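This report refers to the structure that appears directly beneath it.
The values are calculated or read from the model by the stated rules, or taken from the named source; none is laboratory data. Source: prediction; values computed, not measured. Here Cβ is always computed from backbone atoms with ideal geometry, including for glycine, and neighbour counts include all displayed protein chains.
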Amino acid sequence: MPPTNHFNMPRASTRRPPWPVYQFGFGNEFTSEAIQGALPPHNNPKRCPYGLYAEQISGTAFTMPRHKNRRTWTYRIRPSAAQENVFPDTQLATLLTEPDHVTPERLRWGPIPVTNPQEGPHTFVEGLITIAGAGDPADRNGLAIYTYTANKSMINCCFSSSDGDMLIVPEKGTFRFQTELGDLVVPPGHIVVIPRGIRFAVKFFDQESPGSTIYDGAARGYVLEVYSGSFELPNLGPIGANGLANPRDFRYPTASFDDKTVEYLSITKYQGGIFKCRLFSSPFDVVAWHGNYAPFAYDLSLFCPMNSVRFDHPDPSIFTVLTVPGPIEGLAVADFVIFPPRWSSQENTFRLPYFHRNCMSEYMGVIFGAYEAKDSQRFGPGCSTLHAAMAPHGPDAASFKRYMRSLADTPTRSSSNELAFMFETSKMLKLTDFAMTTEYRDTSYPSCWNGLEGKFEPNMR
Ligand SMILES: O=C(O)Cc1cc(O)ccc1O
Ligand SMILES: [Fe+2]
């Protein structure tokens, strides 16, 4: 049995079998060879070891400053260029990023059952549904938010987005992400980031028989795709050199390859459209690679939360796991923030999220359990909310009243089985038809703040 973390979930950040072998360290310059000697002594020899083809994948412009430059050299059985003509795809309509509804209303959605809206068997890529977005991949500016369900592994089929890096947050179902650079096993409570342009297939994983191919399962989760920049660790400022998400806990794949000459379907998202082409062999044919442009996974239970130890409720930026900085210092294109299990011990402090209006937009979801300031029946795992820029929100009336009756100065520990997250963006989001009209939208949501009656007791100080 793999060891468990304090969410009682399998802990994939171990080097021990049966998990794939990983390399560790955020943004490191890695080397990996599935067969000894497959890495050539320099990037681009005329003849590579074992006759392999050399191919570079550039994640940043060639000329980016060294500390921002991202690229990986792959040594593969066939070059990716050996693919058939590309055609627009007409099947994956729910994945098109064309959100055009505008509303400042507070929105909430219930969990989408794994069989909907794609009735019957569907893979991760078939079950991705665009909820909201901003900007345009053509300008390399903006982002998209998706939810997904899946009950079938992607077999002989791969996906990549030419539009941006994708951060995937599983809520249900353990996946094996087969990528060009190797495998990452990602259970709920972990996240994975697949950089722009890297091909991957999403397969179900059975920890009891890790080597076998599992065709079916039940999975659900959330995705954030950013069209500019990439996910970085936030600066820590006066916190110091350690804390929040520590670089050593980010795990990267090691080379492992298929040498299969079967027909593959390659699906690509490009400028918001979906395109497909046939390959005549597996795209997962990289025998060795080196570089710093690679997918990675992270176990959220390893996040080291910081907080106030005397009074007041810090802003949720204190729980930022990853950020995509924008051109203005301190103004993120998107932040990925979690609300991890922790002790709350502030004195004379309203410890629930304060009532607020935020210039940023906040999309939230639940991975495990409940969220401290919301009705757990209506904001449980698989649910989501969107509080648009400047939309007033905070604890619902029932949570507020419950909290005000509690003995708040006693240190309290949130349950280890609770984990919510937020995608926070400086962009103004538009919503898709699906988001506005789905039967899973809970149109009664704004009424959760009814019952917060006026309070003013002039004789009380
Ligand atoms: O709206 C939310 O629940 C997220 C949130 C949490 C918090 O503790 C402070 C501000 C905030 O936006
Ligand atoms: Fe908020």
Hits in segment 72-110 (condition: over 30 Å from Pro40 (Cα atoms) and among the polar types (S, T, N, Q))
Asn85, Thr90, Gln91, Thr94, Thr97, Thr103
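Residue by residue through segment 347-371, note down the ones that are surrounded by 16 or more Cβ atoms within 10 Å (Cβ to Cβ) and more than 12 Å from ligand 1 (Cβ to nearest atom). Walk me through it before giving the result.
Initially, segment 347-371 is screened for residues surrounded by 16 or more Cβ atoms within 10 Å (Cβ to Cβ), giving 349-353, 358, 360-371.
The answer is Ile367, Phe368, Gly369, Ala370.
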For Ser228, indicate whether it is among the hydroxyl-bearing types (Ser, Thr, Tyr) and closer than 18 Å to Ser162 by Cα.
yes
Quick check on my filter: what residues within segment 403-425 are part of a strand (DSSP E or B) and either within 13 Å of ligand 1 (Cβ to nearest atom) or touching a helix residue (DSSP H, G or I) at 6+ places or on another chain (Cβ under 8 Å) (or both)?
Leu419, Ala420, Phe421, Met422, Phe423, Glu424, Thr425
Do we find that Pro340 is outside the structural domain of Ile145 (by TED's automatic domain parsing) and either at positive phi or more than 14 Å from ligand 2 (Cβ to nearest atom) (or both) in this structure?
yes
Look at Gly382 and say whether it is without any contact (Cβ under 8 Å) to a residue 60 or more places away in the chain, small (Gly, Ala, Ser), more than 11 Å from ligand 2 (Cβ to nearest atom) and in the same structural domain as Asp315 (by TED's automatic domain parsing).
no
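Would you point out which residue out of Ala150, Ala132, Ala241 is without any contact (Cβ under 8 Å) to a residue 24 or more places away in the chain and either within 24 Å of Thr97 (Cβ to Cβ) or among the hydrophobic types (A, V, I, L, M, F, W, C) (or both)?
Ala241
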Under 6 Å between Cβ atoms, which residue pairs at least 6 apart in sequence (or on different chains) link something in segment 308-321 that is under 14 Å from Leu236 (Cα atoms) with a partner that is away from ligand 2 (no atom under 13 Å from the Cβ)?
Ile318/Met306; Phe319/Ile338; Thr320/Pro234; Val321/Ala245; Val321/Phe336; Val321/Ile338
Residues that are on the phi > 0 side of the Ramachandran plot and either surrounded by fewer than 16 Cβ atoms within 10 Å (Cβ to Cβ) or away from ligand 2 (no atom under 16 Å from the Cβ) (or both), drawn from segment 387-432:
Met390
Could you please find all residues in segment 310-326 being among the small types (Gly, Ala, Ser) and away from ligand 1 (no atom under 11 Å from the Cβ)?
Gly326
Note down all Cβ pairs under 6 Å where the first residue falls in segment 397-426 and is not assigned by TED's automatic domain parsing to the domain that holds Tyr354, the second is surrounded by fewer than 15 Cβ atoms within 10 Å (Cβ to Cβ) and among the small types (Gly, Ala, Ser), and they're at least six residues apart or on different chains.
none
Residues that are over 24 Å from the mean Cα position of the chain (by Cα) and away from ligand 2 (no atom under 16 Å from the Cβ), drawn from segment 343-374:
Trp343, Ser344, Ser345, Gln346, Glu347, Asn348, Thr349
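Per-residue answers, yes or no, for (1) under 18 Å from the mean Cα position of the chain (by Cα); (2) part of a loop (DSSP other than H, G, I, E, B); (3) closer than 25 Å to Gly27 by Cα:
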residue	(1), (2), (3)
Val125	yes, no, no
Ala134	yes, no, no
Ala144	yes, no, yes
Ile155	no, yes, no
Ile168	yes, no, yes
Leu184	yes, no, yes
Ala201	yes, no, yes
Ser209	no, yes, no
Ala219	yes, no, no
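Listed here are the residues, each with its yes/no results for (1) among the β-branched types (Val, Ile, Thr); (2) in the same structural domain as Arg342 (by TED's automatic domain parsing); (3) buried (at least 18 other Cβ atoms within 10 Å of the Cβ).
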| residue | (1), (2), (3) |
| --- | --- |
| Pro234 | no, no, yes |
| Gly240 | no, no, no |
| Asn246 | no, no, no |
| Arg251 | no, no, yes |
| Thr254 | yes, no, yes |
| Ser266 | no, no, yes |
In the list Gln36, Gln56, which residue meets the criterion of being more than 27 Å from Leu128 (Cβ to Cβ) and exposed (fewer than 12 other Cβ atoms within 10 Å of the Cβ)?
Gln36
